[in-house]
Amino acid sequence: MRILIIEDESELVRHISRALTRHGHLVSSANEGNAGLRQALHELPDLVVLDLNLPGMDGLTLLGELRRAQCPARVIILTARGEVESRIRGLKAGADDYLAKPFSLDELVARIEAMGRRGTAAAPSELLKVGDLAMDVLHRRVTRAGALIPLSPREFDVLQVLMQEPGRIFSRTELCERVWQREHEYDTRTVEIFITRLRKKIDQGFALPLIHTTRGVGYTVRLPEAANS
Ligand code: CA
C-alpha cells in the first residue's frame, strides 16, 4: 500500500516509516497540515495516518478537506489518550479507524494490514440488493435508486455486513467484531456514529428508510414492514 503519514513528531514518523517500510509499504510523510493535505491530494495514497494535533492546518480540518475532495484513502487518526471527543469528531468527519497515543507499532501495523485485506477480499462480481439500494462488492460502489452514494471504506464495510443478511439484526458488538475484528477496543458509540453516517447518506431524502434500529438489540437493513415497524 502507499501510505502517507501526517505527523509533526519527527521521531514518531521515523519509527512508523521504518516499521511500515519493513512490511512492504511505500511510505511518504508530511510534518505540517497544509503540506499534508497538498501531498494527500497529489499522491493519492491508499491510506493516511493522520495526527489530529498538527501545526498549520489541524487534523480534523484536514480530514474534512480530504473527504470534501472525495479522496478515497482510508484514514487512521492518532489521538492523545483520553481525548474521547476528538476521536468521536474524527470518526464523524470520515475517519475509518483511530489509535490513541501511545500505541505500539505492532498495533498500528496490524490495523493497517487488516484494512488492506478487507479492501481486496471481495468476492467476484457480487451484487447485494435491498429494495432500491444496491452494492457492487467488487468495485465497492453503492447506489440508491440508481444514484451513486460515495461511502468511506469503513462505512462501506459496515453496510456490507448488514446487506449480506438483510433483515437479520446485528448487535453493536457483532458489528464491531465483523468490521473491526477487535470487539474489546471499540465502544458502542463508534458503531452508532457509523450508523448515523450511513443513515444520512442512504436514507435521508427517501420515503422508505432501509436502516432500522431495534432498541436495545441492534441494527438491520431491510425494507420497512408496515405491520411491525
Ligand atoms: Ca502532533
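The values are calculated or read from the model by the stated rules, or taken from the named source; none is laboratory data. What you are looking at is a predicted structure, and each value in this text was computed from that prediction instead of being measured. Cβ sites come from the backbone with ideal geometry, for glycine too, and all protein chains shown count toward neighbours. Calculation scope for accessible area: heavy atoms of the full protein, side chains included, ligands and nucleic acids excluded. Shrake-Rupley method; radii C 1.70, N 1.55, O 1.52, S 1.80 Å.
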TODO: Take the Cβ-Cβ distance between THR214 and ALA110 as r, set R0 to 35 Å, and report the resulting FRET efficiency rounded to the nearest 0.05.
DONE: 0.60
Task: Rg/Rg_globular for the chain, with Rg_globular taken as 2.2 N^0.38 Å and Rg from C-alpha atoms - done: 1.03
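Where Rh is the Kirkwood radius over the Cα pairs of the range 44-101, the temperature 10 °C and the viscosity 1.306 mPa s, what D in µm²/s does Stokes-Einstein return? Mind showing how you got there, number by number?
Values: Rh = 11.2 Å.
My calculation gives 142 µm²/s for D.
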TODO: Working with all protein chains in place, sort SER10, SER17 by solvent-accessible area computed with a 1.4 Å probe, largest first.
DONE: SER10, SER17
TODO: Per residue of the range 126-132, in order, report the coupling 6.51 cos²θ - 1.76 cosθ + 1.60 (Karplus, θ = phi - 60°) as ³J(HN,Hα) in whole Hz, putting x for Gly and Pro.
DONE: 7, 10, 9, 9, 9, x, 8
TODO: First measure r as the distance between the Cβ atoms of GLU83 and THR21, then evaluate 1/(1 + (r/R0)^6) with R0 = 30 Å and state the FRET efficiency to the nearest 0.05.
DONE: 0.60
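Might you report the magnitude of the Cβ-based charge dipole of the chain about its Cα centre, with Lys and Arg at +1 and Asp and Glu at -1, to the nearest 20 debye? Don't skip to the end; give the middle numbers.
Values: 32 positive and 31 negative charges, 110 e Å.
That gives the chain a dipole magnitude of about 540 debye.
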Task: Evaluated over the range 127-228, the Cα radius of gyration and Dmax, each in Å - done: 12.9, 38
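Just reorder SER104, SER152 by solvent-accessible area, largest first, 1.4 Å probe, all chains present. Display every interim value, and only then the final one.
Values: SER104 60, SER152 10 Å².
Putting SER104, SER152 in descending order of accessible area: SER104, SER152.
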TODO: Starting from the Cα coordinates of the range 1-108, work out the convex hull volume and express it per residue in Å³.
DONE: 83 Å³
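Using heavy-atom solvent-accessible surface (probe 1.4 Å) with all chains present, what is the largest-first order of ARG215, ARG141, ARG22?
Details: ARG215 220, ARG141 120, ARG22 170 Å².
The most accessible residue leads, giving ARG215, ARG22, ARG141.
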TODO: Would you kindly find the accessible area of LYS92, with a 1.4 Å probe and non-protein molecules such as ligands, DNA and RNA excluded, rounding to the nearest 10 Å²?
DONE: 120 Å²
Task: Karplus (6.51, -1.76, 1.60) ³J(HN,Hα), θ = phi - 60°, over the range 101-111, in Hz, Gly and Pro reported as x - done: 6, x, 10, 8, 4, 4, 4, 4, 4, 4, 4
